[in-house]
Amino acid sequence: MTLLSIWLSCASSPTAPPPAQETNTLAPPHLQAPQVTSTNLLAEGPELVFWEVAWNTSSDRGVAWVIELPRAVSLDLAHSAGVAHLEDALDLTSTRAAINGGFYQDNAAMGLVRREGETFTPLSPRGGSGVLFQGPTPALITHRDAWSGHGRIALQSIDRLVDGHSNLVTGRPGAPRAARSAVAVHQDSVRFVLVASESSIQQRENGVQLHQTGGFGMTLWEFGEFLVAQGATQALNLDGGISSGLWVQTGADDGFLVRSQSGSINALTTRSRASPQP
């Protein structure tokens, strides 16, 4: 697949992300939702748009990387036997886009991981309240107690952030900050989203390296507000912090990698159109 790399502002881009939408979520006293200061389109190609969003809060500023895919895109899961960086766990030449998966403990996923009918780890209360699943319907996120057991793929994580265009997270002053990652379902798209403080970002060739991901970035409430403002109808929090990682193809032989501080136990992916399905 060939993608056209573009660097321009959202003011002149016909495919820029939609404007922020009003929600029924009221900000708790003394808390402010993140503000978007600029948006740059980084790459655009068949069935993929990738942009970088600059944001600030009352306590920090940083960057969000957003990969937009069609709602009907075929998602996949890469399951690893141990903790690994995306670039070590995946064949990046055949992976169109990827983001770190759910939470883990003792080198094992804490919740449901299912792919093509094979369950690697079972549904578990400690694995989180949310389950992303796909097949035969487009991607959806539901509460674990409402999951019917169906789906070509299914990934459980801690926790649901957005449902019905509303932020599910209770805001509180002094909540911890960190790099965050999520998969968000929109009316016409599925998006992989990663946010990090500018103090956690080190530039590198073809991407960035994250470090000091704890204590800097967004609170979960702020992250939920950010996703709602971008138009998410549903969103599932993924294992952020030191595991926050993202990959996207930006050309026939090029890509952009957000290299995590540590690794993750699995990844949510989609393959290149030219790549054979397993």
Subject >> Counted residues, the range 113-157 - those being part of a helix (DSSP H, G or I) and either open to solvent by less than 20 Å² (accessible area, probe 1.4 Å) or touching a strand residue (DSSP E or B) at 6+ places or on another chain (Cβ under 6 Å) (or both) >> reply: 2
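Looking at the range 52-111, what strands (runs of 3 or more DSSP E) fall wholly within it and have at least 1 residues that are open to solvent by 30 Å² or more (accessible area, probe 1.4 Å) and within 30 Å of residue 126 (Cβ to Cβ)? I'd like the intermediate steps shown before the answer.
Details: elements: 61-70, 76-84, 95-100.
Fully inside the range 52-111 and qualifying: 76-84.
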Subject >> Looking only at the range 21-51, and only at residues there that are out of contact with any strand residue (DSSP E or B) (no Cβ under 8 Å at 6 or more places or on another chain) and at pLDDT 75 or above, the one that is surrounded by the most Cβ atoms within 10 Å (Cβ to Cβ) >> reply: 33
Original post:
Within the range 227-260, which residues are of a type in the set (Gly, Ala, Ser) and surrounded by fewer than 24 Cβ atoms within 10 Å (Cβ to Cβ)?
Top reply: 229, 231, 241, 251, 252, 255
**OP:** Quickly run through the range 165-220 and pick out the residues that are among the polar types (S, T, N, Q), out of contact with any helix residue (DSSP H, G or I) (no Cβ under 6 Å at 6 or more places or on another chain) and closer than 22 Å to residue 155 by Cα.
**Re:** 166, 181, 187, 189
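Do we find that residue 162 is in a strand (DSSP E or B), more than 18 Å from residue 266 (Cα to Cα), in contact with a helix residue (DSSP H, G or I) (Cβ under 8 Å, 6 or more places away or on another chain) and in contact (Cβ under 8 Å) with a residue 24 or more places away in the chain in this structure? Can you show your working first?
Numbers: in a strand (DSSP E or B): yes; more than 18 Å from residue 266 (Cα to Cα): yes; in contact with a helix residue (DSSP H, G or I) (Cβ under 8 Å, 6 or more places away or on another chain): yes; in contact (Cβ under 8 Å) with a residue 24 or more places away in the chain: yes.
The answer is yes for residue 162.
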Subject >> Subset of the range 188-211 [at pLDDT below 95 and polar (S, T, N, Q)] >> reply: 206
**OP:** Taking the options 263, 207, 224, 217, name whichever one is over 16 Å from the mean Cα position of the chain (by Cα), open to solvent by less than 10 Å² (accessible area, probe 1.4 Å) and touching a residue at least 24 places away in the same chain (Cβ under 8 Å).
**Re:** 207
Subject >> Where residue 200 falls short, out of the listed (1) polar (S, T, N, Q); (2) open to solvent by less than 10 Å² (accessible area, probe 1.4 Å); (3) without any contact (Cβ under 8 Å) to a residue 24 or more places away in the chain >> reply: (3)
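The values are calculated or read from the model by the stated rules, or taken from the named source; none is laboratory data. In this text, all values refer to a predicted model and were calculated from it rather than measured experimentally. All Cβ positions, glycine included, derive from the backbone under ideal geometry; neighbour counts span all protein chains shown. Accessible surface areas use protein heavy atoms only, side chains included; no ligands, DNA or RNA. Shrake-Rupley method; radii C 1.70, N 1.55, O 1.52, S 1.80 Å.
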